[in-house]
Each structure stands twice: as C-alpha cells, then as structure tokens.
1. Could you tally the net charge around residue 191, taking each other residue with its Cβ under 10 Å from the Cβ of residue 191, Lys/Arg +1 and Asp/Glu -1?
2. For the chain, what does the accessible surface come to per residue with a 1.4 Å probe? Please give it in Å².
3. Normalising by the residue count of the chain, find the relative contact order in percent from Cα pairs under 8 Å and 6+ residues apart.
4. Among rounded, prolate and oblate, which fits segment 27-122 when a ≥ b ≥ c are the square roots of the eigenvalues of its C-alpha gyration tensor, a/c under 1.5 means rounded, and a/b larger than b/c means prolate?
5. Between Rg and the Kirkwood Rh of segment 62-211, both from Cα atoms, what is the Rg to Rh ratio?
6. Take peptides 221-227, 10-16 and line them up by average Cβ neighbours within 10 Å, highest first, as a rough protection proxy.
7. With N set to the number of residues, divide the alpha-carbon radius of gyration of segment 142-240 by 2.2 N^0.38 Å and report two decimals.
8. Gaussian network model of the chain, Cα springs within a sub-10 Å range: biggest mean-square fluctuation belongs to which of 119, 218, 55?
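The values are calculated or read from the model by the stated rules, or taken from the named source; none is laboratory data. Predicted, not measured: the structure shown is a model, and the values here were computed from it. With ideal geometry, Cβ positions are generated from the backbone for all residues, glycine too; neighbour counts draw on all protein chains shown. The accessibility values were calculated without ligands, DNA or RNA, using every heavy atom of the protein model including side chains. Shrake-Rupley method; radii C 1.70, N 1.55, O 1.52, S 1.80 Å.
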Amino acid sequence: MKKLYVGEMTRLEFEQRISEAKCVILTAGSCEQHGYHMALDTDNELGHYLAMETARRTESIVMPNINYGQVWSARKFPGSISLSNDTLKAVLKEIILSLESFGARNILLLAGHNGNSQAMKDVARELVNSHNLHNVWYFQQNNDKSLFRYLEAEMPCNCVHAGELETSMMLVVRPDLVDLSKAEPDFPKLPPEAKYRPVSWDEYITVGSYGDPSLATAEKGKIFLDSLIDELVHLINDIM
Ligand SMILES: [Zn+2]
C-alpha cells in the first residue's frame, strides 16, 4: 500500500509521491490547555487524524504536523504555548515554498486549531501576491450546524473549546488522552465588551473547557469527524 504520511517516507518515496499526489496536506495544531480532562496535544491529534483519513480517500499525502499555534486567548493557562501570527506565518510560508520547490500540485493548510486560520488565510493571500501561487488552500473546522442537534449541552457552550463536541471527537481519535472523570462543567459568559476589545479567557473562564464535556461520546464525535472528512474529500476531489 502507498504510504500517506511523509514522515515515514524515504527521499525516493517522497519524490515520487509528491509528484503524483493530488494534494499535500499540512496541518497546524497547538500545544494548548484543554480543561482538566483533556491533553495539551488535542488539536495536533485531531488535525492529524482528519488529514490522514482525508488522504486515504483522495490520493493525498500528509506532512508532519506543526505542533504549535496561535493561542492568544488561552495563553495564560499553564500548558498553552502561543506563537504570534507573524511567527506562524513565517513557518507556514517556508514549508510551503519548500513543498512548491519539490513539485507539490496543491497544498492544503488544515487548521487542527482554529486560532491558526487567520495566519493560514493570510499566507495563502500573500503567496498569490509574492509568488503568483494559486495552489495553496486553507481549511478551518467549521462544523455543520445542522449536526448540533446531536449535542446535549446548552448552546453555544457545547461546541466551543474542549466541550462536548471536541471531547467527543477526541474520544474517537485518542481516547487514552481523555479522562472524563476529571471533566468539570463550566458555562462561561463572554463579557459584552469582548466585541470591542481583546478579552482573553483568563478574564472570565476558570476551568478552561466550555459547557459539559462529560456528555461527550465517541458516537457523537464520529458524526462530526465524518462530516469534516466528507467536506475535505469534496474540496480535494471536486474543487481542486
Ligand atoms: Zn482544541
């Protein structure tokens, strides 16, 4: 079987696979607090899982993940390591230019952590301007809202950071990194001024997770993961 993960390829395998692959998927996650019940690596694991499952169905290949991201909102919680947008953009850009030099047909920037989305979009735009590259794409995890009916916790907390939704997905991907016995419900209220000035999570959040993560199940997680993978497969197979 053809290898999908670049980190396991030899130089000769990489040379062949990058020229035939429809798309090279580059994920960027985060080292970030995910409440009392889930590991710092959550976004790295979720992004890599989405990338690998997508690659299986699209003749794509997957780059080693960028393990750090832009985590400004959660930066004061222990374990959250935050890069600036500029640093993340520089890393993305240099990896993209390397991949282009080896003949990548399309490059998809997949945000394992949605805080990386702005940097991804900006880099793709800048590379159009500076290098006339039109084969750099980006994907943010915008869950299909019609699937929210499968969640139980009070909206909108169930679908935000480390809540019922993200915990459910992690129960599919790395259940060994989830400890539901430590999950604590918290329904933080966003201060009204957050619309008008930067407000970081430590100003109004205690636990670090939203809603009631103890409602998470692998069954729910699979529904949301499958939906994201379907969208990714559609993007690569039908739009690129
Ligand atoms: Zn996360």
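1. Once positives and negatives cancel, what remains is +1.
2. Ligands and nucleic acids excluded, the result is 48 Å² per residue.
3. Relative contact order for the chain comes out at 23 percent.
4. Numbers: a/c = 2.82, a/b = 1.45, b/c = 1.94.
Because a/c hits 1.5 or more and a/b fails to exceed b/c, segment 27-122 counts as oblate.
5. Across segment 62-211, the Cα-based Rg/Rh ratio is 1.01.
6. In descending order of packing, they fall as 221-227, 10-16.
7. Working: Rg = 15.2 Å, N = 99, 2.2 N^0.38 = 12.6 Å.
Taking the Cα Rg and dividing by 2.2 N^0.38 Å, one obtains 1.21.
8. Highest fluctuation of the listed residues: 218.
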